[in-house]
Every structure is written in C-alpha cells, then in structure tokens.
Amino acid sequence: MANSAPIGVFDSGVGGLSVLREIHAQLPNEALLYVADSGHVPYGEKSAEFIRERSQKIAEFLLEQGAKALVLACNTATVAAVADLRERYPQLPIVGMEPAVKPAAAATRSGVVGVLATTGTLKSARFAALLDRFASDVRVVTQPCPGLVECVEAGDLDSLPVRQLLQGYVEPLLAAGCDTLILGCTHYPFLKPLLRELVLADVALIDTGAAVARQLQRLLEQHDALAPQSATHSAHFWSSGAPAQLEQILPLLWGSPAPVNALLE
C-alpha cells in the first residue's frame, strides 16, 4: 500500500463533508477522495439491501481510484454495509460511523439524552445494540428527522422553514429533560449554529466526526500507511447527482471551491 495513496470517503450526499473536514484537520497531509451519492439521497428511508448495493458499488469505484482506506461517512450506510465491506476487504482499513451514545451517556447531567437521526438509523439493530451497551443507566429519547437531510443538501442551513422544522424536532427532546443531544447523521453538524440558537448554552451537542478521524489515523498508523509529512494535500469530488449542485455547495460546506466529476451509474 502506497503511503501517498488517497483516502476514500463516501456518503448518501453532502453530509459526509462534515467528516471530511475533520479528517483533513486531523490528517492534513492526506489526499482525499469524496463521493456524494446524491442521486439516491437520502439513505435513511431506503432498504438495507439497496444501501448495501450502493455502498459496494461506491467502494469498488474508490478502490479503482487507488484508495488505501475507506470511510463510510454515513450512519445509515454503516448500519447496512460496513460489516459486508470489512468481510470483502479484510486487509483494508475501513471506518464507519455510529451515533455517539457512549460519550453522550457520559456527558449527561440530567440522565436524559436526546438523539436526532434518520429513521433508518433509529430502527437499526446496531443502534439498539449501542443503547444496550452504553445507555443502560440513562434515558434515551429518539427523534426521527425527515426533511433535514434535504435541507442541508440544498445548502439551506438557516432559513425560516428549516428553523421551524428543526425546532419541531428539538422541542420534544428538551421538554423531556434532555441536556445532551446526539447528532446522529453526518448532515446535522452543519446545522449546529442554528441548533445553538434553539437550545440553551448548557445543552451539549455531540457528533462523531472528530472521533472517526482519530480512529482513521490509528488504523493508518497500524498499517504503516500514513502520508509523509512532505505530502501535498489534495481533494477530489464525485457526485451521482448533479455535479453542478455539489460544486455550488462546496464553498459553504467544505470551505473552498473544487470541480466535481459525475459518478456514472
């Protein structure tokens, strides 16, 4: 495995850019490949079989581009596909996402934790297992959030409609006494500034992007596959939706413009 080879990252859409930012912050010398499967967003309402098939196809594409590691920057894709991908590619560093139940359970003072996530994540056996393992001593209140992913996909992070939608999801959690909110979808960290306006300052907002970046670093170190300090960072982007739409939103969500290639079906 060439140390200068890129890291492949994918999501159902643009949400994984929140994870890509954390990876770049943690590993600034690494070359990055990012696939937004925006032609099929959101994953949260689709079948596990469909998501497994998409994840396998995108993983194969990223490996064809020379990826030395894969990051499933999507909670729903992780639930459906990470075990299958690890079985198919046992020598490849593969990192998935999961809602931050463990740190949230440790952080709560009221003993009540709220979870904002997609329907697919909340219904999964993987999420149930996380609750059994880490949340036996706290009360967990879950809130599916249909529509939020689509708002972020459109670059709408603070309009009145998205504010009203988010407020409708957050209010029941606050009314239940939640002092800690898990952002259980990689799209949701982009809504943190708006969330901060809707909740008190002492309500903790927890996501797992930084933890994923640290786990990726650990795996690359174990495989002796970190990029050299002299390496020049680069990032390349693909979308199965309209490349122009991702190009338009990249400056907002990634922080700089970049060309986007079409991911052919």
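For Val141, the residues whose amide H sits under 5 Å from its own are Val113, Gly114, Val115, ignoring neighbours fewer than 5 places away on the same chain, with H placed 1.01 Å from N. A straight chain from Thr232 to Asp156 at 0.36 nm per residue would run longer than the Cα-Cα distance by 24.1 nm. Principal semi-axes of the equivalent ellipsoid, √(5λ) from the alpha carbon gyration tensor of the chain, are 29, 21, 18 Å from largest down.
Which angle from 0 to 90°, rounded to the nearest 10, does the C-alpha axis of helix 243-253 make with the longest principal axis of the chain? Once rounded, the angle reads 60 degrees. Between helix 75-88 and the chain, what is the angle of the helix's C-alpha long axis to the longest principal axis, kept within 0 to 90° and rounded to the nearest 10? Relative to the chain, helix 75-88 is tipped by roughly 40 degrees. The dipole here belongs to the range 122-229: it is taken about the Cα centre, uses +1 on the Cβ of Lys and Arg and -1 on the Cβ of Asp and Glu, and is about 240 debye.
Bridging of Lys68 to lysines at a Cα separation below 25 Å is possible for Lys57, once same-chain residues fewer than 8 apart are set aside. When Rg and the Kirkwood Rh are both derived from Cα coordinates, the Rg/Rh ratio for the range 101-206 amounts to 0.95. Can you figure out the FRET efficiency of Glu265 with Glu197, using R₀ = 41 Å and their beta-carbon distance, to the nearest 0.05? Step by step, r from the Cβ atoms, then E = 0.55. Contact order for the chain, expressed relative to its length and based on alpha carbon pairs under 8 Å spaced 6+ residues apart, stands at 29 percent. Sorted fewest first by neighbouring Cβ atoms within 10 angstrom, Trp254, Trp238 come out as Trp254, Trp238. By the helix-only formula, in which each DSSP H run with n ≥ 4 contributes -39500 (n - 2.57) and the sum is divided by residues, the chain has a 222 nm mean residue ellipticity of -13000 deg cm²/dmol. Computed over the range 101-206, relative contact order equals 38 percent, with contacts defined as Cα pairs under 8 Å that lie 6+ residues apart. Cross-link reach is defined here as a Cα-Cα straight distance under 29 Å, omitting same-chain residues fewer than 8 places apart; for Lys192 the lysines meeting it are Lys46, Lys102, Lys123. Annotation: the residues Leu205, Leu72, sorted from fewest to most other C-beta atoms within 10 Å of their own C-beta, follow the order Leu205, Leu72. Helix 48-64 and the longest principal axis of the Cα set of the chain meet at an angle near 30°. Between Leu220, Ala258, Pro243, the Cα set farthest toward the positive side of the dipole of the chain (charges on each charged residue's Cβ, about the Cα centre) is that of Leu220.
None of the figures in this text is laboratory data; all of them are computed from the coordinates on show. Note that the coordinates shown come from a computational prediction; the quantities given were computed from them, not determined experimentally. We place every Cβ from the backbone using ideal geometry, glycine too, and count neighbours over all the protein chains shown.
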